[in-house]
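Just so it is clear, none of the values below were taken in a lab; they were calculated from the coordinates. Quick caveat, the model's predicted, so the values are computed rather than measured. Quick reminder, even Gly has a Cβ in these numbers, built from the backbone with ideal geometry, and neighbours come from all protein chains shown.
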Ligand code: C5P
């Protein structure tokens, strides 16, 4: 297609969401937060008491997933579930159902449909490798699990939530293992991705670095 797509992949807590928002502002492109689709599926599975190993049940839900995006909100059956799907618990369920190839296949076209003019910034795990492999600009962000856990704890503290760094580090590592270890669409940089290690960069530096790389690539 002739719609330009910028893909941003990487593990959780690496700053993809913030970078994606920054780049959509700069370019005027649409935004695909693919993790929110997997989180909405997880939310719907729990809500409808669909077992996490009930593949036909999960596929059926995925095919007609009643999720919509409105500005920065995530709506499920019209209800604003943004904060409900942002929990570690929902993330854990999301990464469990995301392992199932039939579930991923059922969500594929839905994600591709976000590519509309003037362009798309797509944030996820397999944007550059599976969903938009022809994208001319692929970014891949990394940082150690410890650095990402520290960032997450800071974020939670700012929201007045007390967090256990050891527990969060362990959650992050478990999710990384599921995301990188799965057979279908594992988390990894595309061959032509630009890898940015964000361990020693703050988010403004990440945004500036990504932006200058985009200018270089045209
Ligand atoms: O990015 P976010 O943390 O919201 O994603 C939640 C989970 O959804 C991830 O841990 C991953 O297992 C799954 N996911 C995926 N493919 C994507 C986006 C998210 O498998 N493109």
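Which residue, 160, 44, 128, tops the fluctuation ranking in a GNM of the chain built on C-alpha contacts under 10 Å?
Most flexible of the set in this elastic network: 160.
Under the Kirkwood approximation applied to all pairs of distinct alpha-carbon atoms, what is the hydrodynamic radius of the stretch 1-116 in Å?
14.9
Mind telling me which of 67, 97, 14 comes out most flexible in a GNM of the chain, alpha-carbon contacts under 10 Å?
67
Going by C-beta contacts inside 10 Å, put 95, 144, 212 in order with the fewest on the left.
Lowest to highest Cβ neighbour count: 212, 144, 95.
Relative contact order for the chain using alpha-carbon pairs under 8 Å, separation at least 6, rounded to a whole percent? Each step should come with its number before you reach the end.
Values: 332 pairs, mean separation 72.7, N = 218.
After rounding, I find 33 percent.
Only counting other Cβ atoms within 10 Å, I'd like 74, 165, 6 sorted with the fewest neighbours first.
Final ranking by Cβ density, sparse to dense: 165, 74, 6.
What's the exposure ranking of 209, 70, 26, going from fewest to most Cβ atoms within 10 Å?
Lowest to highest Cβ neighbour count: 70, 26, 209.
Take every DSSP beta bridge with both residues inside the chain and express the antiparallel ones as a percent of the total, to the nearest 5.
Just about 25 percent of them are antiparallel.
Can you give the Rg and Dmax of the chain based on its C-alpha atoms, in angstrom?
Over the chain's Cα set, Rg and Dmax evaluate to 16.7, 49 Å.
Given all pairs of different Cα atoms, what value in angstroms does the Kirkwood hydrodynamic radius of the stretch 1-54 take?
Working: mean 1/r = 0.0749 Å⁻¹.
One over the average 1/r among Cα pairs gives 13.3 Å for the stretch 1-54.
Write down the Å³ per residue value for the convex hull defined by the alpha carbon atoms of the stretch 70-193.
Spelled out: Cα convex hull of the stretch 70-193, divided by residues, is 140 Å³.
Enter the Cα centre distance for the pair the stretch 62-81 and the stretch 160-180, rounded to the nearest angstrom.
Centre-to-centre (Cα) distance: 26 Å.
Based on the Cα coordinates of the stretch 23-74, what is the per residue volume of their convex hull in Å³?
Residue-normalised Cα hull volume stands at 81 Å³.
Divide by every residue of the chain the summed helix terms, -39500 (n - 2.57) for each DSSP H run of at least 4, and state the resulting mean residue ellipticity at 222 nm, rounded to the nearest 500 deg cm²/dmol.
-15000 deg cm²/dmol
Which one of 68, 116, 77 has the biggest mean-square fluctuation once the chain is modelled by GNM with Cα springs under 10 Å?
Among 68, 116, 77, the largest GNM mean-square fluctuation belongs to 77.
Within the stretch 175-218, find all residues whose amide N lies under 17 Å from a label point positioned 7 Å from the Cα of residue 154 along Cα-to-beta-carbon.
Residues 197-209 fall inside that zone.
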